[in-house]
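Student: Encoded as C-alpha cells, here's the structure I'll be asking about.
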Amino acid sequence: MKVLIAVDPSDIAEKAFDWYFKNIHKEGNEVYVCHEAEQPDLPTVFFAGGASFPAAEIGRIMTDHNKKKNELENTYTMKCKSYKIKHRIDIETTQDKPGVAICKKAEKVHANMIVMGTRGMGAIRRTVLGSVSDYVLHHSKVPVLICRGQDQ
Amino acid sequence: MKVLFAVDGSEIAEKAFDWYLENVHQDSNFLVIVHGRENPQIPTLNFTEGAAFPSDEITRIMKESNQKVDALVDKFSMKCSEKKIKFKVALEGGKPSKPGETILAVADQEGCEMIVMGSRGLGTIRRTLLGSVSDYVIHHAKIPVIVCPV
C-alpha cells in the first residue's frame, strides 16, 4: 500500500508520523512524505515611495524558506532510514493551498491512504481541526488517517 | 491495539471494513464493533382524530429495526470469525439520536486507541461529503481516526 504522509515542521506532524509507523505501517508499504509549502510572503515594492527593489530582503526570505525545506527533508529522510521504510520524500513549494496540493499529490502518486496530524503551523490556532486536514478530509478520494491525541 | 469500528447498515461501512482488514489490520489488533443504533421513527398519536394507540404498528417497526440490527451484527461477526479476528460487538441503545457521542463513549469505555469509520452512512442528509457522524467524531475524538470516503 502506498501511504502519503503530509507533514510540516511541527511536532504534531512528527508525532503523527511516529504513530503511523508504530501502529499502522506494514512491511511492504511505501511511504511518500510530502510537504506542500506555501509560497512565502514577499515584500511588495512601493514605487510611490521611491524605494529600491528590496533584493536583499527577498533573498533573505527565500534563503530562510529553502533552509526550512531542507531541514524538513533531512528530518524525514533520517526517520525513514532509521525505521527502514521504503520511502520517497517530496518537499516542494506550491501556489495551491496546501490542502489542494496534498489531494493532488495523493492522486498523482496513486496513494492508497493519506496520513496527517490535526493541526500544524497554520496561523489560526483556535480550531480543533486545522484548515488543511479539514480540506483533505472533505476532498480526499482515499481513506485519511487523522492522528490526534498525541499532543494531549 | 484496540480498534473501534463504527458501522451502520450502509455499503460504505462494509467497504471501509474490508479495506481496513486488508490494509491496516494487524493480527494483534482487537476490534470493537459499534453500531449506534437509532431508534426507528414511531408513529405519533393523533388524539384529535381519536385514533387508537397503534401498538401493532409500533411492534412491527421495532421488530423490523431489531432484525436489521441483528443482520448487521451477524454480517460483521461473520467477517471477523472468518478471518479469525479477535472482536466484540457493542450495541448501544442508550443515546439513540446521537451516534457520534455513542461512538466516542464506547471508545473511551473500551480503551480503544483508534477509530475507523466511513465518511457517510445511512443518515438523512445526503448532500454533504462528510456525514454528520464522522464530522462529529473527527472533531471530538481524542485518538486517531481513519475516515474512509465513499
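Student: Working only within the range B:104-129, note down all residues that are at pLDDT below 90 and closer than 15 Å to A:LEU145 by Cβ.
Tutor: Selection gives B:GLY118, B:SER119.
Student: Same structure, new question: Scan the range A:72-95 residue by residue and report those that are outside any strand (DSSP E or B) and surrounded by 12 or more Cβ atoms within 10 Å (Cβ to Cβ).
Tutor: A:LEU72, A:GLU73, A:ASN74, A:THR75, A:TYR76, A:THR77, A:LYS79, A:CYS80, A:TYR83, A:ILE85
Student: Residue by residue through the range A:65-100, note down the ones that are touching a Ser or Thr at 6+ places or on another chain (Cβ under 9 Å) and within 29 Å of A:GLU27 (Cβ to Cβ).
Tutor: A:HIS87, A:ILE89
Student: Quick one: what pairs do we get from the range B:92-115, first residue surrounded by fewer than 17 Cβ atoms within 10 Å (Cβ to Cβ), second at pLDDT 80 or above and acidic (Asp, Glu), C-beta under 7 Å, 6+ apart or different chains?
Tutor: B:LYS95/B:GLU101
Student: Right, something else. Can you name every residue in the range A:7-44 that is within 14 Å of chain B (Cβ to nearest Cβ), assigned to a loop (DSSP other than H, G, I, E, B) and not hydrophobic (A, V, I, L, M, F, W, C)? Spell out the reasoning first.
Tutor: First, the residues of the range A:7-44 that are within 14 Å of chain B (Cβ to nearest Cβ): A:12-13, A:15-31.
Filter again for assigned to a loop (DSSP other than H, G, I, E, B), leaving A:24-29.
Result: A:HIS25, A:LYS26, A:GLU27, A:GLY28, A:ASN29.
Student: Is there a residue being modelled with pLDDT under 85, closer than 19 Å to B:ASP18 by Cα and either more than 14 Å from chain A (Cβ to nearest Cβ) or in a helix (DSSP H, G or I) (or both) anywhere in the range B:79-89?
Tutor: Just the residues of the range B:79-89 that are modelled with pLDDT under 85, to begin with: none.
No - not one qualifying residue is present in the range B:79-89.
The values are calculated or read from the model by the stated rules, or taken from the named source; none is laboratory data. The structure displayed is predicted, hence computed values, not measured ones. Every residue, glycine among them, receives a Cβ derived from its backbone with ideal geometry; neighbour counts consider all protein chains shown.
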